[in-house]
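Asks: There's a structure below that I have some questions on.
The values are calculated or read from the model by the stated rules, or taken from the named source; none is laboratory data. No experiment lies behind these values; they were computed from the predicted model shown. Quick reminder, even Gly has a Cβ in these numbers, built from the backbone with ideal geometry, and neighbours come from all protein chains shown.
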Amino acid sequence: MKQFSFRENELYCEEVPVRELTEEFGTPLYVYSRTELLDNFRSLDSLLQGTDHVTCYALKANSNPALLKSLADDGAGADVVSAGELSLALQAGFSPDKIVFAGVGKREDEIEYALRERIHCLNAESVQELQLISLVALRLQTGAPVALRINPNIDADSHPYISTGLKQHKFGIDGEKALETFQFAASLPNLEVKGVHTHIGSQIRKSEPFLAAADFLADLVKRLRESGILITQLDIGGGFGVGYENALEHEGLPRNEQGDPNAPDAPEILRAMLPTLQQTGCSLWVEPGRSIVASAGILLTRVLYTKEQGPKKFVIVDAGMNDLLRPSLYNAYHQIVPARIETYEHEPVDIVGPVCETGDFFARDRLLSKVKQRDILAIMTAGAYGFVNVSNYNGRLHPAEVLVNGDRVRVVRQRQTLEELLK
Ligand code: LLP
């Protein structure tokens, strides 16, 4: 999170003190750094220069139109999973020939939309889906470019809800049936079978599962070619993990000694996979979401009340699980810091939201700098899978989003209003 830092004791996003943003735009507030976003994209994409490739940003991580436009203008492709995301990607200016469409349950109208827009390809996940794509293409009298998502049966060693590459998961086509399914696909009218796709999970903090996936892909391409099926593209999906611990370091902040500070980042993992992938001679497609946008965003929230109850001290803030679901859903860790460090004293607290659920928490038994009513807290590394999961649960309004670029600030989504809630 290079673009978020303490100057003296005040938290800045690029050149802007974040507390000023809360005074102007209120809380809860998502704040993004444009520089961090583009740096993350470029550090991954530049590794692939010299190889025929497209880095397709996975919109599901964060589909704010302003962020999408920044990435599209910078030459990114897009990985979409619904008609909604496809429409957002086209609106943002992603070139259709750099868009791939994933998803285990595409509807017929979504397939038709994708074919009409002439996107680069659909990543198909079942025999029935292949048949439907072929039928729609026949009806539209067009070709349908497809890649087959193959489930390689590789353990991503991540949270069970976001691991996708094992046999028992719903995703992809069984690795053992890959050859026969490719042969079947090649026999269907109007399908143009271009490539192989895999995606083994998300927030993967090790290289090994990715290296195993690269070996699997290279071997499969070889076997397919031997059986007469010419594969020209490999899509390795996304899934590169990011470090959520100690996103910010300051002598006044407690350190989190958990997590692996040496875990490989996205460029490191990709670099290790490249030799195996390049030797296939295929074009390379990659679908990172989190590794591009997670560190580019934070969620700012205000302390409403503090109270002691039994053995606990609660810090009740004005953001809830409806604003950032990850802690409630995955018990995910996000570093939480005061936007201004007033004291170097810490105490263990539960940081909780206003929603009527015990599961509405951001941290439990967490060592936090001592805070008081009205202080602003920053929930770090919240750019990915944050705003995209907001809801109106408990009648709570969607938060606003702002984009910082140097010393410039732009509201890129207005806070929802009570009137909008009634629509
Ligand atoms: N490609 C496909 C086919 C995917 O399913 C995903 C993520 C990606 C690419 C991007 O993966 P990434 O690079 O962001 O790891 N809500 C969860 C994460 C769900 C990931 C779903 N698929 C979370 O908050 O951790």
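Asks: May I ask you to list the residues in the stretch 199-236 that are within 13 Å of the ligand (Cβ to nearest atom), in a loop (DSSP other than H, G, I, E, B) and within 16 Å of His53 (Cβ to Cβ)?
Replies: Answer for the stretch 199-236, where residues must be within 13 Å of the ligand (Cβ to nearest atom), in a loop (DSSP other than H, G, I, E, B) and within 16 Å of His53 (Cβ to Cβ): just Ile236.
Asks: Something else now. Being at positive phi, away from the ligand (no atom under 13 Å from the Cβ) and in the same structural domain as Val127 (by TED's automatic domain parsing) is the requirement here; does Gly103 meet it?
Replies: Answer is no for this residue.
Asks: Hey, does the stretch 279-291 have a residue that's assigned to a helix (DSSP H, G or I) and buried (at least 24 other Cβ atoms within 10 Å of the Cβ)?
Replies: Checked the stretch 279-291: at least one residue is assigned to a helix (DSSP H, G or I) and buried (at least 24 other Cβ atoms within 10 Å of the Cβ).
Asks: What are the residues in the stretch 148-165 that are away from the ligand (no atom under 14 Å from the Cβ) and either modelled with pLDDT of 90 or more or crowded, with 17+ Cβ neighbours inside 10 Å (or both), if any?
Replies: Of everything in the stretch 148-165, those that are away from the ligand (no atom under 14 Å from the Cβ) and either modelled with pLDDT of 90 or more or crowded, with 17+ Cβ neighbours inside 10 Å (or both) turn out to be Asn153, Ile154.
Asks: Name the pairs whose Cβ atoms lie under 8 Å apart, with the first residue in the stretch 35-63 and farther than 15 Å from Tyr385 by Cβ, the second basic (Lys, Arg) and at pLDDT 95 or above, and 6 or more positions between them or separate chains?
Replies: As it stands, the answer is Leu47/Arg271; Val54/Lys98; Cys56/Lys98, since those pairs meet every condition given.
Asks: Report every pair of residues separated by at least 6 positions or lying on different chains whose Cβ atoms are under 9 Å apart, first residue within the stretch 71-94 and more than 16 Å from Val54 (Cβ to Cβ), second surrounded by fewer than 18 Cβ atoms within 10 Å (Cβ to Cβ) and of a type in the set (S, T, N, Q).
Replies: none
Asks: Something else: Is it the case that the stretch 308-329 has a residue that's within 16 Å of the ligand (Cβ to nearest atom), modelled with pLDDT of 95 or more, in contact with a helix residue (DSSP H, G or I) (Cβ under 6 Å, 6 or more places away or on another chain) and among the small types (Gly, Ala, Ser)?
Replies: Looking for residues that are within 16 Å of the ligand (Cβ to nearest atom), modelled with pLDDT of 95 or more, in contact with a helix residue (DSSP H, G or I) (Cβ under 6 Å, 6 or more places away or on another chain) and among the small types (Gly, Ala, Ser), one finds none in the stretch 308-329, hence no.
Asks: For the subset of the stretch 166-198 comprising residues that are of a type in the set (A, V, I, L, M) and more than 16 Å from the ligand (Cβ to nearest atom), which member is nearest to Gly241 (Cα to Cα)?
Replies: Ala178
Asks: Let me confirm something: among Val371, Val349, Val388, which residue is among the β-branched types (Val, Ile, Thr) and assigned to a strand (DSSP E or B)?
Replies: Val349
Asks: Of all strands (runs of 3 or more DSSP E) completely enclosed by the stretch 8-90, which ones contain at least 1 residues that are outside the structural domain of Gly281 (by TED's automatic domain parsing)?
Replies: 10-13, 29-33
Asks: In the stretch 237-270, which residues are more than 15 Å from the chain's Cα centre (by Cα) and within 16 Å of the ligand (Cβ to nearest atom)?
Replies: Answer for the stretch 237-270, where residues must be more than 15 Å from the chain's Cα centre (by Cα) and within 16 Å of the ligand (Cβ to nearest atom): Glu245, Ala247, Gly259, Ala263, Pro264, Pro267, Glu268, Ile269, Leu270.
Asks: Taking the stretch 278-292 as the region of interest, how many residues are away from the ligand (no atom under 16 Å from the Cβ) and touching a helix residue (DSSP H, G or I) at 6+ places or on another chain (Cβ under 8 Å)?
Replies: Here the count works out to 3.
Asks: Looking only at residues that are within 14 Å of the ligand (Cβ to nearest atom) and among the hydroxyl-bearing types (Ser, Thr, Tyr) in the stretch 50-77, which one is nearest to Gly281 (Cα to Cα)?
Replies: Among those that are within 14 Å of the ligand (Cβ to nearest atom) and among the hydroxyl-bearing types (Ser, Thr, Tyr), it is Thr55.
Asks: Look at the stretch 173-206 and say how many of its residues are in contact (Cβ under 8 Å) with a residue 40 or more places away in the chain, surrounded by fewer than 17 Cβ atoms within 10 Å (Cβ to Cβ) and small (Gly, Ala, Ser).
Replies: So the answer is 1.
Asks: Just one of Leu270, Leu248, Leu253 is under 30 Å from Ile173 (Cα atoms) and in the same structural domain as Ala186 (by TED's automatic domain parsing); which is it?
Replies: Leu270
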